[in-house]
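Report on the structure given below.
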Amino acid sequence: MTIETEEPALTVDELAARAGVTVRTVRFYSTKGLLPPPVIGPRRVGHYGPEHLARLALIEELQGQGLTLAAIERYLDRLPPGLDAHDLAVHRAVVASWAPDSVETVTGEELRQRAGRALDEADVERLAAMGVLGEGAADGSYRVDAGLLRLGVRLLDVPLSQEAILAARTVLVDHARAAAHELSRLLREDVTERDAQAVRSLSAHMQPLVVQALLTAFQRSLTQEVREWLGEPPESDGSP
């Protein structure tokens, strides 16, 4: 975690609020070596950056999957060194994909803390249009898809129209469903004689591998598309 994309500026209280955990939890993870130490600023106050927040989100996701602290430590130890917040977010997305959708009811204040920013009425409407939020209740609470919230908040600052974002979402969902259908067909052909429990077990083992493969393939394809868009030569694959 040596790559800093932004100057660390969060206090431990702000980090905990952004991540939706307690300060005690942050300090506990730090003492266990799961979080790197903060950057010490003036007056000996520790400051945390986006990599700390992303790493904390990954730890919470792993814990939500039922991993013990020892297992989480082993997982983090196997990560390549120097990952930035974006890389950690990709790892979290892979982990989150192993679990069913996680929908919570939060207050308006909790939503703001989770988002890490103020949300005006237009922001809330865009998040609802993206499927991140449900309609607000009379008591001011919201149904929120916790796995999509951080992504939705980041999309609020993307210089694209809401129509373009929703169209992109449709493209991704349609292609994901098509890929899942074809992979399911291949699995059915290969496990026709297996019972339901064996099929579920195979699916559980295959899902993280398939998601990682899809992410890798998509990242490489998108990089190539951008290079072609900018008129740059394709990246060499190392072959003569």
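Please determine, by comparing only the residues of the stretch 207-240 that are outside any helix (DSSP H, G or I) and at pLDDT 75 or above, which one is surrounded by the most Cβ atoms within 10 Å (Cβ to Cβ). Steps first, please.
First pass over the stretch 207-240, keeping only residues outside any helix (DSSP H, G or I): 230-240.
Those still in the list that are at pLDDT 75 or above too: 230-233.
On the way: Leu230: 7, Gly231: 6, Glu232: 10, Pro233: 7.
Checked the stretch 207-240; the qualifying residue surrounded by the most Cβ atoms within 10 Å (Cβ to Cβ) is Glu232.
Here is the figure for the stretch 130-152: residues that are open to solvent by less than 40 Å² (accessible area, probe 1.4 Å) and modelled with pLDDT of 85 or more total 4.
Give Leu88, Leu34, Leu67 a once-over and let me know the one that is of a type outside the set (Asp, Glu) and open to solvent by 40 Å² or more (accessible area, probe 1.4 Å).
The unique qualifying residue is Leu67.
Among the residues of the stretch 37-64, those that are assigned to a loop (DSSP other than H, G, I, E, B) and surrounded by fewer than 14 Cβ atoms within 10 Å (Cβ to Cβ) comprise Pro37, Gly41, Val45. Just one of the listed residues (Ala146, Ala89) is of a type in the set (Gly, Ala, Ser), touching a strand residue (DSSP E or B) at 6+ places or on another chain (Cβ under 7 Å) and in contact (Cβ under 8 Å) with a residue 40 or more places away in the chain, namely Ala146. The selection criterion, being in a loop (DSSP other than H, G, I, E, B) and open to solvent by less than 20 Å² (accessible area, probe 1.4 Å), holds for Gly82.
Could you run through the stretch 29-62 and say how many residues are closer than 12 Å to Ala19 by Cβ and of a type outside the set (Val, Ile, Thr)?
In the first step, residues of the stretch 29-62 are kept if they are closer than 12 Å to Ala19 by Cβ; the result is 29, 35, 48, 50, 52-61.
Narrowing the set further to residues that are of a type outside the set (Val, Ile, Thr) leaves 29, 35, 48, 50, 52-58, 60-61.
Number satisfying all stated conditions: 13.
Can we say Arg143 is in a helix (DSSP H, G or I) and among the basic types (Lys, Arg)? Answer is no for this residue. Only one entry of Ala180, Ala167, Ala204 meets the criterion of being hydrophobic (A, V, I, L, M, F, W, C), in a helix (DSSP H, G or I) and at pLDDT below 75, and that entry is Ala204.
The values are calculated or read from the model by the stated rules, or taken from the named source; none is laboratory data. Predicted model only: the values in this text are computed from it and were never measured. Every residue, glycine as well, gets a Cβ built from its backbone with ideal geometry; the counts of neighbours run over all protein chains shown. For the accessible areas, the whole protein counts, side chains as well, though only heavy atoms, and no ligand, DNA or RNA atoms are used. Shrake-Rupley method; radii C 1.70, N 1.55, O 1.52, S 1.80 Å.
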